[in-house]
Amino acid sequence: MHQKSLTELRAALDMKQISAFELAQHFLKRIEAERELNAFIDVNPQLTLDTARAADQRLARGDQTPLLGLPVAHKDVFVTRGWKSSAGSRMLADYISPFDATVVERLAVAGMVTLGKTNMDEFAMGSSNENSFFGPVRNPWDRNAVPGGSSGGSAAAVAAALTPIATGSDTGGSIRQPASMTGVTGIKPTYGCVSRYGMIAFASSLDQGGAMARSAADCALVLGAMSGFDPRDSTSMQRDAEDYTYLLGKPWKYTHTLSDRSLSGLRIGLPREYFGSGLSSDVWTAINITLQQYEELGATLVEVSLPKTELSIPVYYVIAPAEAASNMSRFDGVRYGYRSAKYCDLLDMYKKTCSEGFGAEVKRRILIGTYVLSHGYYDAYYLQAQKIRRIIAQDFQDAFTQCDMIMGPVSPGVAWNLGEKVDDPLQMYLADIYTLSTNLAGLPGMSIPCGFGTGIYAARPVGLQIIGNYFNEARMLQVADAFQRVTTWHRKVPAGV
Ligand code: GLN
């Protein structure tokens, strides 16, 4: 049951092979049995089962809402009324929100049953899920490996079939990179598609919610319910809600039959800078085989250039900490969350609260962010970074004059070992090279499973990145789905699942 897609689970519910209650119970049992993965921060079985019972009642009344009764797990960055909302931080370890994030609310209205909150890097800062106050998450494919980050809990939960789908957030790769490292499908839509209301802020001009699931088709189904204009988020796009499933299973260009070469006419751009010396050979091989399969599906490959790719790391690691430093200032021990138990005056309370409440990576970013925004350094760092950010966005637009989609690796290598990079933040940052510029430009990006590493890494998944132009999510999902219809990478599960 747990390996089924959302569409299959929908059919099972509709044919009364299983109730929403039994389905929720089944996944809760799996979550309990897999505690070693540390994928969940908070579960509340009573609340989950009550919601499932309510879904069953709606089903019995003939309610045909497409997502009704299907389980979902939420990254702990989304605030929830019934579960803790910690963002992986000691600062919010016991925080319970008085309201639901828009994403959570919309999926609840659609009838989805929340299974719990998934582990993550503290305030979504990290690439390995080792920065969580609640401890690292293990990769279900190889328990000595990281699951990627910061949505490592959501990725591991989907990969280990503890939930059919989970929400995530992506500021510089946090949906795509863990999806890639755990062999699941993840999509980060165009900035402004998914409301940030109730999504605990890291870097507000980059943060974007999205979905992680077993297939592109499942992502499409849920993304439609999550996204759309929200007046409570000032950067939410004023666009009508979109059905992201309408192109699935259709040829790229309209013809009457779905031919074998269903993507004929699709031009795939391969950025020269994404296939350079930093890319490991096993990832390179898996991506190349995948690109050949896309050619067999009728697509043509064209070389494009994103000349400022290398600069995306310094640019991102100036802008993101600057915004983070500003966002973190609300955690002062006064309004909500952690407050130090012992202090002598107000200033001392601030100091002790922040020293004890934040982990090392968050402190590092507050320091960097404050530095680059300070008088005298603002022009040299922050302003300069913003200018290059604009060029990076323009470079993508130039590339899109030659192609319809951009493809490449998500990460330079497969998942690394737990502990391998924790003492070397720079190495950790460098691993984000292929994902950051998408966020800097506000573009949508996906990761789909497309192979495995080699040798001792033969059990560690590789993901293919698909980048589309603004609001091209339905097209990207079509392109991902066309591949998943003729391959089985997305159906593979770790041993024992
Ligand atoms: N790894 C990046 C960082 O640490 C991206 C994180 C994210 O997308 N939330 O900032």
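The values are calculated or read from the model by the stated rules, or taken from the named source; none is laboratory data. This one's a predicted model, so the numbers in the text were calculated from it and none came from an experiment. Backbone-built Cβ (ideal geometry, glycine too); neighbour counts: all protein chains shown. Heavy atoms of the whole protein, side chains included, go into the accessibility calculation; ligands, DNA and RNA do not. Shrake-Rupley method; radii C 1.70, N 1.55, O 1.52, S 1.80 Å.
Key figures for this structure:
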| read-out | value |
| --- | --- |
| Subset of the stretch 421-472 that is within 16 Å of the ligand (Cβ to nearest atom) and in a strand (DSSP E or B) - its residue that is nearest to Ser236 (Cα to Cα) | Gly445 |
| So Ser329, is it open to solvent by 70 Å² or more (accessible area, probe 1.4 Å) and over 21 Å from Asp424 (Cα atoms) | yes |
| Filter result (open to solvent by 10 Å² or more (accessible area, probe 1.4 Å) and in a loop (DSSP other than H, G, I, E, B)) within the stretch 92-104 | Ala93, Asp94, Tyr95, Pro98, Phe99, Asp100 |
| Flag for Leu68 being part of a loop (DSSP other than H, G, I, E, B), open to solvent by less than 30 Å² (accessible area, probe 1.4 Å) and not acidic (Asp, Glu) | yes |
| Qualifying positions in the stretch 194-227 - within 16 Å of the ligand (Cβ to nearest atom) and either open to solvent by less than 10 Å² (accessible area, probe 1.4 Å) or among the acidic types (Asp, Glu) (or both) | Val194, Phe202, Ala203, Leu206, Asp207, Gln208, Gly209, Gly210, Ala211, Met212 |
| Index of the failed condition, Ala241 passing every other in (1) at pLDDT 95 or above; (2) among the aliphatic types (A, V, I, L, M); (3) more than 15 Å from the ligand (Cβ to nearest atom) | (1) |
| Unique residue being out of contact with any Ser or Thr (no Cβ under 6 Å at 6 or more places or on another chain), open to solvent by less than 10 Å² (accessible area, probe 1.4 Å) and either within 19 Å of Gly152 (Cα to Cα) or not polar (S, T, N, Q) (or both) when the list is Ser89, Ser85 | Ser89 |
| Residue check, Ile392 β-branched (Val, Ile, Thr), outside any loop (DSSP other than H, G, I, E, B) and over 14 Å from Gly468 (Cβ atoms) | yes |
| Residue that is away from the ligand (no atom under 16 Å from the Cβ), in a helix (DSSP H, G or I) and buried (at least 24 other Cβ atoms within 10 Å of the Cβ), where the choices are Leu23, Leu49, Leu13 | Leu23 |
| Among the residues listed as Thr435, Thr454, the single one being touching a residue at least 60 places away in the same chain (Cβ under 8 Å) and either more than 24 Å from Asn288 (Cβ to Cβ) or open to solvent by less than 10 Å² (accessible area, probe 1.4 Å) (or both) | Thr435 |
| Gly153 in contact with a helix residue (DSSP H, G or I) (Cβ under 7 Å, 6 or more places away or on another chain), farther than 22 Å from Gln478 by Cα and either open to solvent by 10 Å² or more (accessible area, probe 1.4 Å) or not in a strand (DSSP E or B) (or both) | no |
| Test: residue in the stretch 386-395 that is within 16 Å of the ligand (Cβ to nearest atom), open to solvent by less than 80 Å² (accessible area, probe 1.4 Å), touching a Leu at 6+ places or on another chain (Cβ under 9 Å) and among the aliphatic types (A, V, I, L, M) | yes |
| The stretch 48-82, residues that are in contact with a Lys or Arg (Cβ under 9 Å, 6 or more places away or on another chain) and farther than 16 Å from Gly153 by Cα | Leu59, Thr65, Pro66, Leu67, Leu68, Gly69, Leu70, Thr80 |
| Top-ranked residue in the stretch 174-187 [being part of a loop (DSSP other than H, G, I, E, B) and more than 17 Å from Phe78 (Cα to Cα); ranked as farthest from the ligand (Cβ to nearest atom)] | Gly183 |
| Number of positions in the stretch 107-141 that are touching a Ser or Thr at 6+ places or on another chain (Cβ under 8 Å) and surrounded by fewer than 24 Cβ atoms within 10 Å (Cβ to Cβ) | 6 |
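Let's see how each residue does on (1) over 28 Å from Tyr434 (Cβ atoms); (2) more than 16 Å from the ligand (Cβ to nearest atom):
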{"site": "Gly88", "(1), (2)": "no, no"}
{"site": "Phe99", "(1), (2)": "yes, yes"}
{"site": "Glu105", "(1), (2)": "yes, yes"}
{"site": "Asn131", "(1), (2)": "no, no"}
{"site": "Ala161", "(1), (2)": "no, yes"}
{"site": "Ala166", "(1), (2)": "no, no"}
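Okay, residues lined up against (1) on the phi > 0 side of the Ramachandran plot; (2) within 16 Å of the ligand (Cβ to nearest atom); (3) surrounded by fewer than 16 Cβ atoms within 10 Å (Cβ to Cβ):
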| residue | (1), (2), (3) |
| --- | --- |
| Glu295 | no, no, yes |
| Pro307 | no, no, yes |
| Gly333 | yes, no, no |
| Ser340 | no, no, no |
| Asp345 | no, no, yes |
| Tyr350 | no, no, no |
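Residue-by-condition table, conditions (1) open to solvent by 40 Å² or more (accessible area, probe 1.4 Å); (2) in contact (Cβ under 8 Å) with a residue 12 or more places away in the chain; (3) within 30 Å of Asn129 (Cβ to Cβ):
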site: Leu373; (1), (2), (3): yes, yes, yes
site: Phe400; (1), (2), (3): no, yes, no
site: Cys403; (1), (2), (3): no, yes, no
site: Ser411; (1), (2), (3): no, yes, yes
site: Ala415; (1), (2), (3): no, yes, yes
